[in-house]
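Encoded as structure tokens, the structure appears first; notes follow it.
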Amino acid sequence: MFEITGKVALITGASSGIGAAIASELLQAGAKGVSVVDINEGLGWEVSAELNKKFGNGRAVFIKTDVSNRRQLEDAFTKTVNVFNQLDIVVNNAAARGERNWEKNIAVNLTGIVTGTILAYEHFLPKYKSSEEGAIINIASMAALYSYPSTPVYSAAKMGVIGITRSLGAKQHYQRTKIKVIAVCPGYTSTNILQDIAAEDLLGDDYYKIQVDMMKLAPIAQPTTAVSRAVVEVIGIGASGSVWIADQNQSPYEVKVLCKR
């Protein structure tokens, strides 16, 4: 079982929502420190200050980063190890909505996670993890597992997140690195990614009509803490390459994706 106590984590998209909740949950679980990595400078400083006030000075640092920019993301990793002298956990959580600007959507929701995963897996965790095992958690979505006809670009990106997680999480890689890669798929959660979507966020009026109909059937949104608790649990018990659902404020459960070869 992976032990969080004394570990250092880098969390992207951590200035609000699920990312901020994960940062707090990790510190609550005994993490030594966290890097709050986000493009939103105002909220980033605010969240890191709140974490330091709650858990002790020096436990959280903010690093302004656009995850779609490889150099900026690599700098965030470097700054993290310069501050804490170790890095054990990476949570690739940063996300963006906007189907019409699909290039940006893919750049953040897929390319940013691919970049963060490879930087962590091949460059930083092998060198800076403080114990034998390291962990990468990629935040995907239920949209990666089920049909979300209103947001096909977002769904495609999150399916890609599942793909890199399962591929790098394979036993052939884990045996050589002792770094586990796991995906967590939140259900309907109280964040701004899939809530309050306007027509201009989607590909057209027909997509917006579908979104409105879907929202009529949606369950009550779970709090972000439901996902953060699930992430901490999965870091401890999840096997490399596994995919987990965190939905309706329940304990996370593993799902088998597609078919066995």
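Derivation of every value follows stated rules applied to the coordinates shown; laboratory data play no part. As the structure is a prediction and not an experimental result, all values here were calculated from the model. Glycine also receives a Cβ, built like all others from the backbone with ideal geometry; neighbour counts cover every protein chain displayed.
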Mind checking which of K178, K209, K104 has the largest fluctuation in a GNM of the chain, springs on alpha carbons under 10 Å? K209
Here are a few candidate values for Cα extents along the principal axes in Å: (i) 59, 53, 44; (ii) 51, 47, 35; (iii) 61, 38, 38. Which one was actually calculated from the structure I just gave you? (ii)
Output needed for region 158-252: three equivalent-ellipsoid semi-axes, defined as square roots of 5 times the C-alpha gyration tensor eigenvalues, in descending order, whole Å. 31, 17, 9
Taking the Cα centroid of region 212-251 and of region 33-92, what is the distance between the two, rounded to the nearest whole Å? 23
Report, in degrees rounded to the nearest 10, the 0 to 90 angle that the Cα long axis of helix 205-217 makes with the longest principal axis of the chain. 70
Residue-ordered couplings for region 136-142, obtained by feeding phi - 60° into the Karplus form 6.51 cos²θ - 1.76 cosθ + 1.60 and rounding to whole Hz (Gly and Pro as x), are 10, 10, 9, 7, 9, 5, 4
Among P186, P126, P219, which one shows the biggest mean-square fluctuation in a GNM of the chain, springs joining Cα atoms closer than 10 Å? P219
Order of D66, D88 from fewest to most other C-beta atoms within 10 Å? D66, D88
Among the lysines, which have Cα under 28 Å from the Cα of K64 when same-chain residues fewer than 8 positions away are ignored? K7, K32, K53, K54, K79, K104, K127, K129, K158, K180
Ranked by Cβ crowding within 10 angstrom, fewest neighbours first, how are Y188, Y121 ordered? Y188, Y121
Using helices alone, I'd like the mean residue ellipticity at 222 nm for the chain: each DSSP H run of four-plus residues gives -39500 (n - 2.57), total over residue count, nearest 500. -12500 deg cm²/dmol
Report, in degrees rounded to the nearest 10, the 0 to 90 angle that the Cα long axis of helix 224-237 makes with the longest principal axis of the chain. 50
Considering Cα pairs under 8 angstrom that are at least six residues apart, work out the relative contact order of region 8-254 and quote it in whole percent. 19
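How much of the DSSP beta bridge set in the chain is antiparallel, as a percent to the nearest 5?
10
On full extension of the chain, what length is gained from D213 through A199, given 0.36 nm per residue of separation minus the C-alpha to C-alpha distance? Please list the in-between numbers first.
On the way: separation 14, 0.36 × 14 = 5.04 nm, distance 1.31 nm.
Difference between extended and current length: 3.7 nm.
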Would you mind ranking E25, E200, E99 so that the residue whose beta carbon has the fewest other beta carbons within 10 Å leads the list? E200, E99, E25
